[in-house]
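Working notes for the structure below.
The values are calculated or read from the model by the stated rules, or taken from the named source; none is laboratory data. The structure displayed is predicted, hence computed values, not measured ones. Cβ sites come from the backbone with ideal geometry, for glycine too, and all protein chains shown count toward neighbours. Just so you know, the surface numbers come from the protein's heavy atoms only, side chains and all, with ligands and any DNA or RNA stripped out. Shrake-Rupley method; radii C 1.70, N 1.55, O 1.52, S 1.80 Å.
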Amino acid sequence: DVVLTQTPPTLSATIGQSVSISCRSSQSLLDSDGDTYLNWLLQRPGQSPQLLIYSVSNLESGVPNRFSGSGSETDFTLKISGVEAEDLGVYYCMQATHAPYTFGAGTKLELK
Amino acid sequence: EVQLQESGPGLVKPSQSLSLTCSVTGYSITSNYWGWIRKFPGNKMEWMGYISYSGSTSYNPSLKSRISITRDTSKNQFFLQLNSVTTEDTATYYCARLTITRDFDYWGQGVMVTVSS
């Protein structure tokens, strides 16, 4: 199975600070169809996971544009440009290029 | 608006079967793919499997022959059955819609299932 390694496991930030989360894959996530199926989700406390970014860098409808995704092959990054209080929770990367789909272990974003 | 809601028992005894229902409103399950994902205590997430618009299925090999996902299109529901459960199956179970770009864009609220005697 593809292993996704997220760093850091915990991130402390102040409101307005820009932060980044890394997701490294044990295999290239470039699919034979030319797409790269790497997604980012946020699970706020007490809520279901919410899709933020799909296919590396595409912002899901309704998600603020302070969220952005980048990367290729095995190295991916989620950036939050100006953390807001509602951004707190656990962030997951998830790959759907190779079956079975797998998730990173999560990065918990806390307020400093 | 697409909405999903899981339902089922919150407590299952070891060696028995876990059965959950996902009721979908606002969208037909004869389109797209529909999956089950679980979150274990401590944040680990696991994709369990999905059922397609045509009724075909795909499962995580880690669940081997214990898992079955079926559907009732007349009720716009799909189901999870996990057999021979152990305490390691204790988790919050989510159903979600899987899009053509292979992302889960709509999720249910989740149902916590504890396996205990």
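Computed quantities for the displayed model
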{"item": "Among the candidates A:P49, A:P100, A:P64, residue that is over 18 Å from A:S22 (Cβ atoms), over 10 Å from the mean Cα position of the chain (by Cα) and exposed (fewer than 14 other Cβ atoms within 10 Å of the Cβ)", "result": "A:P64"}
{"item": "Among the candidates A:G46, A:G69, A:G89, residue that is out of contact with any Ser or Thr (no Cβ under 9 Å at 6 or more places or on another chain), free of Cβ contacts under 8 Å to residues at least 40 places away in the same chain and either within 13 Å of chain B (Cβ to nearest Cβ) or within 21 Å of B:E46 (Cα to Cα) (or both)", "result": "A:G46"}
{"item": "Of residues in the range A:21-41 being assigned to a strand (DSSP E or B), more than 10 Å from chain B (Cβ to nearest Cβ) and without any contact (Cβ under 8 Å) to a residue 60 or more places away in the chain, the one farthest from the chain's Cα centre (by Cα)", "result": "A:R24"}
{"item": "Scan of the range B:69-107 for residues that are open to solvent by less than 60 Å² (accessible area, probe 1.4 Å), within 29 Å of A:L38 (Cβ to Cβ), under 13 Å from the mean Cα position of the chain (by Cα) and of a type outside the set (F, W, Y), ordered by number", "result": "B:I69, B:L80, B:L82, B:D89, B:A91, B:T92, B:C95, B:A96, B:R97, B:L98"}
{"item": "Test for B:S84: is it in contact with a Lys or Arg (Cβ under 6 Å, 6 or more places away or on another chain) and assigned to a loop (DSSP other than H, G, I, E, B)", "result": "yes"}
{"item": "Scope the range B:87-110; condition assigned to a strand (DSSP E or B) and in contact with a Pro (Cβ under 9 Å, 6 or more places away or on another chain); matching residues", "result": "B:A91, B:T92, B:Y94, B:A96, B:F104, B:W107"}
{"item": "Test result for B:G110, more than 23 Å from A:V3 (Cα to Cα) and open to solvent by less than 50 Å² (accessible area, probe 1.4 Å)", "result": "yes"}
{"item": "Candidate set: the range A:103-112, residues that are more than 7 Å from chain B (Cβ to nearest Cβ) and open to solvent by 10 Å² or more (accessible area, probe 1.4 Å); chosen: the one nearest to A:Q47 (Cα to Cα)", "result": "A:K108"}
{"item": "Tally, over the range B:4-48, of residues that are in contact (Cβ under 8 Å) with a residue 24 or more places away in the chain and more than 19 Å from B:T87 (Cα to Cα)", "result": "18"}
